[in-house]
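For reference, the structure is listed below as structure tokens.
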Amino acid sequence: MLRGPAAALLRRLGPRVTGGGGCVDGANRRRLAPPIAPSFLARFLSTPASSSTSPPPPSSAAAREEEAKDGDLEVDSGDAGARLSISVDRSGLYNPAEHSHEPSSDSELVKHLKSIIKFRSGPISVAEYMEEVLTNPHSGFYINRDVFGESGDFITSPEVSQMFGEMIGVWAMCLWQQMGKPEKVNLIELGPGRGTLLADLLRGSAKFVDFTKALSINLVECSPTLQKLQYNTLKCEDEPIGDGKRTVSKLCGAPVCWHASLEQVPSGSPTIIIAHEFFDALPIHQFQKASRGWCEKMVDLAEDSSFRFVLSPQPTASLIYLSKRCKWASAEELEKVEHIEVCPKAMELTEQIADRISSDGGGALIIDYGKNGIVSDSLQAIRKHKFVHILDDPGSADLSAYVDFASIRHSAEEASDDISVHGPISQSLFLGSLGINFRAEALLQNCTEEQAESLRTGYWRLVGDGEAPFWEGPEDQTPIGMGTRYLAMAIVNKKQGKPVPFQ
């Protein structure tokens, strides 16, 4: 039986379904608390199945040597009639490709990437490639379009079921209580997507007036398109205040502000930070073990002007981050890997989070897919819900990589002695401990048959493992559980004790 503050909060959540969920396609496996009903449980008994997909192997184009071209220049000496023959070696001269007036089929982003490589006369890092592809201010993947949901390129947990956002709300309210119920608290979400998670959190917590009155909502979002979606999802309106105006969410009456980075969010108040599927999109550096040691993997241009992977011929500046990551690993762990991914921006962001929580109080919740150890070769590209090659048509597919939770832990602990790190635990255990089973049971009492089917599939996607055994629909639409693929970690101020449900 669920007990404690989470149980009390859960019982007061609204009894009805607020909206339909979308459809989507290692941690220790733990059984959840007695779930919804015996008949419902029977349909969820399953044999775990693996659904991991490896990204396609990087391409490797062999370098072609240019043929040397010799020409003869004859000079008449005039008086003696002798002829002097001079041989000119043109093999070292630059031979540009034949100029064409045909319009290029390359996108603006592809042209931009190629111009960077040509200007530098050499390759760029995978991290720089990833950052340009995702967040280039003119044509980055996230900047000018809605990439979420069935009509987009991928689906996240908040789009699956309202229960996900509601459980995050239960966690946030429990943390607020542990903080001593401060009258003002900064609620920060990093990369809010459409704003669905936060909207469900606010709807679920609407009855807890003291909590919602304390909130000042801050969204860290760089995409103007997604900012507009978030504005609408949160039912925002602009209100006059003095000589200016402020934006307020009509879901709870809390003020809402947008920022380009966490550093821009005002400090000084207790803070609750939510980072759901945010760290996986931060640019990574890839390193490969070679005969001369660890070499950074780079993106270059082949002779046909297509993109290809190469190894850096000399040490790069990012090796300092590889050295830092290796310091946190055991010799045994390092011996097992031929590739290592390192995310300097994740390290830096974690340090900022730890510093803020140390000085202002509060905590951060990080949920993402990843590993509690060195990540080897996980970078992948997804377009329209299918895996594609990483270098194929840059800007048309999402790029993401497994999150190194061990690196996050070490970065936070080194940044401050006043914080504590908890987890990671599986998403299944995290949501189950907060009472998602009981929430599903309550919602099933007040919904249509169509909504009930959506609840069942949504529940499985959030906490299940592998293919849903109860599915009777089209095979290509079988719900895939994310319960063990996704991990949850919390960073909190030590004064507040262990956060729910990491006790």
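The values are calculated or read from the model by the stated rules, or taken from the named source; none is laboratory data. What you are looking at is a predicted structure, and each value in this text was computed from that prediction instead of being measured. Backbone-built Cβ (ideal geometry, glycine too); neighbour counts: all protein chains shown. Just so you know, the surface numbers come from the protein's heavy atoms only, side chains and all, with ligands and any DNA or RNA stripped out. Shrake-Rupley method; radii C 1.70, N 1.55, O 1.52, S 1.80 Å.
Listed here are the residues, each with its yes/no results for (1) in a strand (DSSP E or B); (2) over 30 Å from SER121 (Cβ atoms); (3) at pLDDT 95 or above.
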| residue | (1), (2), (3) |
| --- | --- |
| PHE211 | no, yes, yes |
| ASN218 | yes, yes, yes |
| CYS257 | yes, yes, yes |
| PRO266 | no, yes, yes |
| SER269 | no, yes, yes |
| ASP280 | no, yes, yes |
| MET298 | yes, no, yes |
| PRO313 | no, no, no |
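How many residues are surrounded by fewer than 22 Cβ atoms within 10 Å (Cβ to Cβ) and in a strand (DSSP E or B) if we restrict to region 331-364?
Qualifying residue count, region 331-364: 1.
Please go through region 319-361 and give me each residue that is of a type in the set (Lys, Arg) and under 26 Å from MET298 (Cβ atoms), ordered by number.
Listed by number, the residues that qualify are LYS324, ARG325, LYS327, LYS336, LYS345.
With open to solvent by 10 Å² or more (accessible area, probe 1.4 Å), modelled with pLDDT under 95 and under 17 Å from the mean Cα position of the chain (by Cα) as the only criterion, which of ASP392, ASP377, ASP404 stands out?
That would be ASP377, the only listed residue that is open to solvent by 10 Å² or more (accessible area, probe 1.4 Å), modelled with pLDDT under 95 and under 17 Å from the mean Cα position of the chain (by Cα).
Name every residue in region 161-185 that is of a type in the set (Val, Ile, Thr) and within 13 Å of PHE208 (Cα to Cα), in order of residue number.
Result: VAL170, single match.
So which of GLU239, GLU189 is closer than 22 Å to GLU166 by Cα, in contact with a strand residue (DSSP E or B) (Cβ under 6 Å, 6 or more places away or on another chain) and either open to solvent by 50 Å² or more (accessible area, probe 1.4 Å) or not in a helix (DSSP H, G or I) (or both)?
Result: GLU189 is the single residue among GLU239, GLU189 that is closer than 22 Å to GLU166 by Cα, in contact with a strand residue (DSSP E or B) (Cβ under 6 Å, 6 or more places away or on another chain) and either open to solvent by 50 Å² or more (accessible area, probe 1.4 Å) or not in a helix (DSSP H, G or I) (or both).
Which of the residues spanning region 413-435 are buried (at least 24 other Cβ atoms within 10 Å of the Cβ) and within 20 Å of the chain's Cα centre (by Cα)?
PRO424, GLN427, SER428, PHE430, LEU431
Quick one: count up the residues across region 282-293 that are part of a strand (DSSP E or B) and surrounded by fewer than 24 Cβ atoms within 10 Å (Cβ to Cβ).
Selection size over region 282-293: 4.
Test each condition in (1) outside any loop (DSSP other than H, G, I, E, B); (2) open to solvent by 10 Å² or more (accessible area, probe 1.4 Å); (3) touching a Leu at 6+ places or on another chain (Cβ under 7 Å); (4) farther than 18 Å from PHE164 by Cα for LEU399 and report the one that comes out false.
Tallying (1) outside any loop (DSSP other than H, G, I, E, B); (2) open to solvent by 10 Å² or more (accessible area, probe 1.4 Å); (3) touching a Leu at 6+ places or on another chain (Cβ under 7 Å); (4) farther than 18 Å from PHE164 by Cα, LEU399 fails exactly one: (2).
Working only within region 192-210, note down all residues that are touching a helix residue (DSSP H, G or I) at 6+ places or on another chain (Cβ under 6 Å), surrounded by 22 or more Cβ atoms within 10 Å (Cβ to Cβ) and farther than 14 Å from CYS252 by Cβ.
Of everything in region 192-210, those that are touching a helix residue (DSSP H, G or I) at 6+ places or on another chain (Cβ under 6 Å), surrounded by 22 or more Cβ atoms within 10 Å (Cβ to Cβ) and farther than 14 Å from CYS252 by Cβ turn out to be PRO192, THR196, LEU197.
Just checking, which of LYS184, LYS207 is modelled with pLDDT under 95 and either farther than 19 Å from ILE273 by Cα or not hydroxyl-bearing (Ser, Thr, Tyr) (or both)?
Going through LYS184, LYS207 in turn, the sole match is LYS207.
When both residues are 6+ apart or on different chains and their Cβ atoms are under 7 Å apart, which pairs have a first residue that lies in region 458-486 and is at pLDDT 85 or above, and a second that is open to solvent by 60 Å² or more (accessible area, probe 1.4 Å) and basic (Lys, Arg)?
ASP465/ARG29; THR484/ARG29
Please determine whether any residue of region 118-125 is open to solvent by 50 Å² or more (accessible area, probe 1.4 Å), modelled with pLDDT under 95, more than 18 Å from VAL310 (Cα to Cα) and part of a helix (DSSP H, G or I).
no
Show the residue pairs that are 6+ apart or on different chains and have beta-carbon atoms under 6 Å apart, the first residue being within region 108-134 and more than 19 Å from ILE284 (Cβ to Cβ), the second being modelled with pLDDT of 95 or more and among the hydroxyl-bearing types (Ser, Thr, Tyr).
none
Is it fair to say GLY363 is touching a helix residue (DSSP H, G or I) at 6+ places or on another chain (Cβ under 7 Å) and under 19 Å from GLY483 (Cβ atoms)?
It is false that GLY363 is touching a helix residue (DSSP H, G or I) at 6+ places or on another chain (Cβ under 7 Å) and under 19 Å from GLY483 (Cβ atoms).
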